[in-house]
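I have placed the structure first, in the form of structure tokens, so that the comments after it can refer back to it.
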4 protein chains.
Amino acid sequence: MSKIQRIGVLTGGGDCPGLNAVLRGLVKTAAYDHDIQVVGFLDGFAGVLKDRTMRLDGDTVSGILQRGGTILGSSNRDNPFRVPVQVEGERKFEDRSEEAMRIFDRYGLQLLVVVGGDGSLSIALELARKGMPVIGIPKTIDNDLAATDVSFGFDTALTTATEALDKLHTTAQSHHRIMVLEVMGRYAGWIALEAGVAGGGDVILVPEIPFRIESVVGAIKERTFRGRTFTLIVIAEGAKAEGGEVVVSKVVADSTDSIRLGGVGHWLAAELEQRLEREVRVTVLGHLQRGGTPTAFDRILGTRYGVHAAHCAAEGRKEIMVSLQGTEVTEVPLADAVREPRRVAPDSQIVRAARSVGTRFGDE
Amino acid sequence: MSKIQRIGVLTGGGDCPGLNAVLRGLVKTAAYDHDIQVVGFLDGFAGVLKDRTMRLDGDTVSGILQRGGTILGSSNRDNPFRVPVQVEGERKFEDRSEEAMRIFDRYGLQLLVVVGGDGSLSIALELARKGMPVIGIPKTIDNDLAATDVSFGFDTALTTATEALDKLHTTAQSHHRIMVLEVMGRYAGWIALEAGVAGGGDVILVPEIPFRIESVVGAIKERTFRGRTFTLIVIAEGAKAEGGEVVVSKVVADSTDSIRLGGVGHWLAAELEQRLEREVRVTVLGHLQRGGTPTAFDRILGTRYGVHAAHCAAEGRKEIMVSLQGTEVTEVPLADAVREPRRVAPDSQIVRAARSVGTRFGDE
Amino acid sequence: MSKIQRIGVLTGGGDCPGLNAVLRGLVKTAAYDHDIQVVGFLDGFAGVLKDRTMRLDGDTVSGILQRGGTILGSSNRDNPFRVPVQVEGERKFEDRSEEAMRIFDRYGLQLLVVVGGDGSLSIALELARKGMPVIGIPKTIDNDLAATDVSFGFDTALTTATEALDKLHTTAQSHHRIMVLEVMGRYAGWIALEAGVAGGGDVILVPEIPFRIESVVGAIKERTFRGRTFTLIVIAEGAKAEGGEVVVSKVVADSTDSIRLGGVGHWLAAELEQRLEREVRVTVLGHLQRGGTPTAFDRILGTRYGVHAAHCAAEGRKEIMVSLQGTEVTEVPLADAVREPRRVAPDSQIVRAARSVGTRFGDE
Amino acid sequence: MSKIQRIGVLTGGGDCPGLNAVLRGLVKTAAYDHDIQVVGFLDGFAGVLKDRTMRLDGDTVSGILQRGGTILGSSNRDNPFRVPVQVEGERKFEDRSEEAMRIFDRYGLQLLVVVGGDGSLSIALELARKGMPVIGIPKTIDNDLAATDVSFGFDTALTTATEALDKLHTTAQSHHRIMVLEVMGRYAGWIALEAGVAGGGDVILVPEIPFRIESVVGAIKERTFRGRTFTLIVIAEGAKAEGGEVVVSKVVADSTDSIRLGGVGHWLAAELEQRLEREVRVTVLGHLQRGGTPTAFDRILGTRYGVHAAHCAAEGRKEIMVSLQGTEVTEVPLADAVREPRRVAPDSQIVRAARSVGTRFGDE
């Protein structure tokens, strides 16, 4: 193996606090410790396809540690293996991965570091199989990648959701209200679960534990019976009611048009209002959970991921993903990384702990 | 006038950070400076009707300054002049104000301090006209009472909304998104306006300035043309589109039932998605704005209101509302307090300042 | 008067959250509303003397609203009328204001906007008297300029100090401690006073109300007697003990050298430890109070100041300072601005309110 | 073993955010899952000696999850094996552990849960050896207990220190200053190290890596040479300069008296001012790091510790300490818990990562 002298990096998929910490760690270590140049592709794989790049060095990444977002920009969709095109008025998909390979070569890159979630890492693996050396850095706000103990961004999202619960708590208590907080988590309920435990949520609803609306109603009634006049419910956007109850998120805006309006939080609130004849208030955090200054934890983890990836790059490693195991950052095969998602196990220690302090999951 | 020895207090209407600061200021001053006993009615006027009270003294109000909510509880609805009753299966309203007067007398109270907004202060005025001595303390998260320069709670709500915008800002920028933040303000747009100025909102939509959806679309397109790939929109829940466009917030959940789902923020997002063919994300802060630890400003103002009301009470004043005028807390006639709401003037200095830094109001 | 086409701006003196909001408001309004170019001098008056500038336009000031500090940099010392020089081994001062005038002319500037406190505004006034058209924007973390109701930066400093008190509160209470929080305020005690009221400080010590150490000891003993096992003391760095007690802030580091170590907070703690035979803990916030993201209030006020100064500049106004009066931003003569500081009046309404809720000022 | 029906709990040592979460988790689980009664001793071991207790049940611990401090109170000193007494004018120590055993028996307790650090857990172990069944829960803000991966409270302290660095960052940069932040850590530098990494500290000084003042001076000069006009230094209170340099923290207040004034932060600042002829500003966080609302992480960990301890208690376990291993809470022998402190290894991965991004440790 010849000495590594020039690598590329991109950030792909949804936003995640700590991306800039990763970039800073990677670029500083590459430059200072290993004299490696770094080229950043703009807006994820879109930058590779459209040849849009920026040079990254110690100065470029100075002062970005605290900032949310990513200085490289990102994009959720662009996949070199499936580029949408119009062919005779029809929308089709084209494989342009060869073009990506050429651009990668044109810059004289010896490695591509992909910071991304499930989707971006799968593309990275496909590129690897075509011969592009790649290293992955796991990024998921939902903390649902099995190949790492924790991923950066989750702690910030959890903090935002917990602070929201804290605010709802005082006002729910004073005004005897039922409050619903809808948080992220389409397939994995970690944010809802952990924010619920941290914020003292009375009911936590996650995708992994199907709930019955009657059980939620029962939990509220039981609280009322014990003199608790308020109830805080945390619901993951992907939570599902048992037994075929349809979670509706479509609406007829006028007599002819159908548009998206509200989500499972609003649906739950409406259901509870009908059944309990009490007002229910909804807060939908949405992208608030993806934004803002990363927490100390996420900045440290992001920095360590970036530093470690730079060392691995310098050693000529490839087809790996950096990963936190216990308190050390190490590596796993990239192929392992995208295999199975990490989901909330209904009988896990933390779920049982939540039940022990009185939290309900709507499955009782 | 005989010496004031015993007064009552209640907190009415929606939650508002700083209520506990008011109670602490009132009770400590009454007790320490004037040797006045204070009886707190629970859950607003409901406590008066149902005779539910708690004794308040220096110890009771110790350590509550920082807490959101109100230790007395509140209620949005209970009006002694309009108590809902079932008469022969029909819902009617009864005037039970005489009962309220009796309970007030039974406790030997010489004054009732009502901490509340428009609604609660109107009831207070009616009770005053029946002979109950009352003092009002203004409480409105929307900052829409004309008889005071500022009211407590607004600064906290503004801070929560601004922090939300900050979080959306970094992620919108990195991911080139259109983000909609829906904030409180059914009739007055102060939270949307000031949070929009503080958080650099690109478009601010308030009830006082009817907007055209085409104008919002135009503002986004113009930004794109100038190379800004993201747009932050702050919309007050009561903002209205011009020219009869119906803001829909109802939905057919299944073929038979109609339930509330989403609000103007979701509606706007859906409209923009259709017209721009871009994804639009929505955050609905909801009761987050009413909760949580009050800001320093709100604790100071709340404390000063409470202290001043206690002094006024000791002097035998009545039918007044305490009020901030410039930097001093003073009083205005209670009747003035509930006359006209303070709304955003479309040509006010702050709206013009927002336009000067490039913010659009959807009316251009 | 010919049309204003090009102006300069500098930020002088100590740091103050909101400076970037001012610059953004000024530059955007100058550019968009009045087609005025803006030249920024770097590091306060040092930039004028050393001819170091940067061009400011809409893009330069984009995205800086939320950031602490100032993109122009600042400096506490550089005064064109008193530049230190070495003359035959001796340190002397030279008047280089003519040079400043020449540089101002060389850039073709028609006005200089000075964002600064007492010191910088005094220099601005001197330059005005030499014929340079200037407009001042008040900046003081201490809120001690009499010519404006409030100045930006204070609310952020107050918030930082109040959050510190909140943190000390819980731990003081659980551990029965005496805690001293030293905050900024060399001549004016606004931060200590308002943070003390907002955070429930038991004792507040400010420069304007000389304290006796025995009175502080007495207040703590009285609290103990009433069963309060902890005491929170907020002390402004410029607070002074009555009657010639020397506040020592020097130390003998070893037998030969004398260096600065600790301040009035540490001194007070040491005195109290001796007299009460209890441990006392000190926190010195220092420059924490000058840093960080400005609050919503400070961003709005800073923006409005900047916008207003740009309008005034376009109208050819000079020798004025922008100023908040009630809820409107207006102007006052620059000469008035630097006349008298705004200090805490011992019998002001807010001091009396603090006493009413039980706070002691060490003068009882 | 007979069924466990009644246990005691105390919180000992310095304050630590999350103590209330532990108590809530313990008490709710004991009550709801195992029907065990819980007696709380007030102010640590002082409560055992002085027989001061409070009954803890589901209601008592409701709503305390978010609060800093401990509802039981704590105390740093009281050790049943070494109670200070005055014998003929002299201060001696008495072993009153028998009394502690009697009080424990008098309440009919079958187990004592001790939430504490090194000191309190050592006492617990001694009591265990006298026959009192005990379970320990690790509590250390410094994160220096080797027998658990992480302990609650650390994340909150880290967050407070990181937020302080963030604030200093903007102002240091704008004003070209050297800033010193003194944080906790007498023997272990975890807070300084991790806050330094999270906040982008340029120099980190910890007890485990002795520093030379010349090396720190060199790092600052090198930064200046590279055009960085500011430097952020994080120093643990227990950091030590190499080679016999005395860290002075005493002062002559007047000609006769010697009192404590300032610490290592003030000392370092004074040294740097002398050597660099530049002003250096100091912030001493002090007990700020022990106070305030715990972070989500600390609330979750505290809750899980409390829940797990209750389950262990119900099973009749004793002489163990609960402990986080990876992502699971489990137990270790109590004797192991107090053996070796966990300290920063100078060649650990995180220290090396910090060096890779350019941070200096004063040992170069």
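Quick look at the numbers
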| quantity | calculated |
| --- | --- |
| So A:L181, is it under 20 Å from B:G286 (Cβ atoms), in contact with a Leu (Cβ under 7 Å, 6 or more places away or on another chain) and part of a helix (DSSP H, G or I) | no |
| Any hit, the range C:55-63, residues being among the basic types (K, R), modelled with pLDDT of 95 or more and either assigned to a helix (DSSP H, G or I) or within 29 Å of B:T159 (Cβ to Cβ) (or both) | no |
| Selected residue [without any contact (Cβ under 8 Å) to a residue 60 or more places away in the chain and either within 14 Å of chain A (Cβ to nearest Cβ) or of a type in the set (A, V, I, L, M) (or both)] from B:G13, B:G40, B:G44 | B:G40 |
| Residue match in the range D:82-92 (condition: polar (S, T, N, Q) and at pLDDT 95 or above) | no |
| For C:A164: the one exception among (1) within 15 Å of the chain's Cα centre (by Cα); (2) outside the structural domain of C:N79 (by TED's automatic domain parsing); (3) crowded, with 24+ Cβ neighbours inside 10 Å | (1) |
| Failed criterion for D:D142 (all others in (1) part of a loop (DSSP other than H, G, I, E, B); (2) over 30 Å from D:V282 (Cα atoms); (3) among the acidic types (D, E) hold) | (2) |
| Neighbours by Cβ (under 9 Å, 6+ apart or cross-chain): first from the range B:283-299, within 7 Å of chain A (Cβ to nearest Cβ); second in a loop (DSSP other than H, G, I, E, B) and basic (K, R) | B:H287/A:R177 |
| Complete set of residues in the range C:310-361 that are in a helix (DSSP H, G or I), surrounded by 20 or more Cβ atoms within 10 Å (Cβ to Cβ) and away from chain B (no Cβ under 13 Å) | C:L334, C:A337 |
| The range C:276-307 - residue that is modelled with pLDDT of 95 or more and basic (K, R) and, of those, farthest from C:I235 (Cα to Cα) | C:R304 |
| Residues satisfying the stated conditions in the range D:167-187, i.e. surrounded by fewer than 24 Cβ atoms within 10 Å (Cβ to Cβ) and closer than 30 Å to D:V322 by Cα | D:R186, D:Y187 |
| Test: residue in the range A:53-60 that is over 28 Å from B:V280 (Cα atoms) and of a type in the set (D, E) | yes |
| Restricting the range B:180-232 to residues that are of a type in the set (D, E, K, R) and away from chain C (no Cβ under 14 Å), the residue that is farthest from C:G63 (Cα to Cα) | B:R186 |
| In the range B:144-161, the residues that are touching a Gly at 6+ places or on another chain (Cβ under 8 Å) and either farther than 30 Å from B:R96 by Cβ or modelled with pLDDT of 95 or more (or both) | B:D149, B:F152, B:G153, B:T156, B:T160, B:A161 |
| Residue check for B:K139: away from chain C (no Cβ under 14 Å), at negative phi and in contact with a Gly (Cβ under 8 Å, 6 or more places away or on another chain) | yes |
| Candidates A:A345, A:A353, A:A310 - the one that is at pLDDT 95 or above and touching a His at 6+ places or on another chain (Cβ under 7 Å) | A:A310 |
| Those residues of the range D:73-114 which are free of Cβ contacts under 8 Å to residues at least 40 places away in the same chain, surrounded by 16 or more Cβ atoms within 10 Å (Cβ to Cβ) and farther than 26 Å from C:T171 by Cβ, in sequence order | D:S97, D:M101 |
| Where a residue in the range D:165-178 is in contact (Cβ under 8 Å) with a residue 60 or more places away in the chain and under 18 Å from C:G12 (Cα atoms) and its partner, wherever it lies, is of a type in the set (A, V, I, L, M) and assigned to a helix (DSSP H, G or I), with Cβ under 6 Å and at least six apart | none |
| Set C:T156, C:T148, C:T170, C:T160: member being out of contact with any helix residue (DSSP H, G or I) (no Cβ under 7 Å at 6 or more places or on another chain) and either closer than 22 Å to D:A161 by Cβ or assigned to a strand (DSSP E or B) (or both) | C:T170 |
| Filter result for A:M101 (in a loop (DSSP other than H, G, I, E, B) and more than 18 Å from the chain's Cα centre (by Cα)) | no |
| Among (1) more than 7 Å from every other protein chain (Cβ to nearest Cβ); (2) touching a helix residue (DSSP H, G or I) at 6+ places or on another chain (Cβ under 8 Å); (3) buried (at least 19 other Cβ atoms within 10 Å of the Cβ); (4) not hydroxyl-bearing (S, T, Y), the one test that B:G63 misses | (3) |
| Residue check, A:T171 within 14 Å of chain B (Cβ to nearest Cβ), polar (S, T, N, Q) and within 25 Å of A:V344 (Cα to Cα) | no |
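The values are calculated or read from the model by the stated rules, or taken from the named source; none is laboratory data. Please read these numbers as outputs of a predicted model, since none were measured by experiment. Cβ coordinates were reconstructed from backbone atoms using ideal geometry, including for glycine residues, and neighbour counts include every protein chain displayed.
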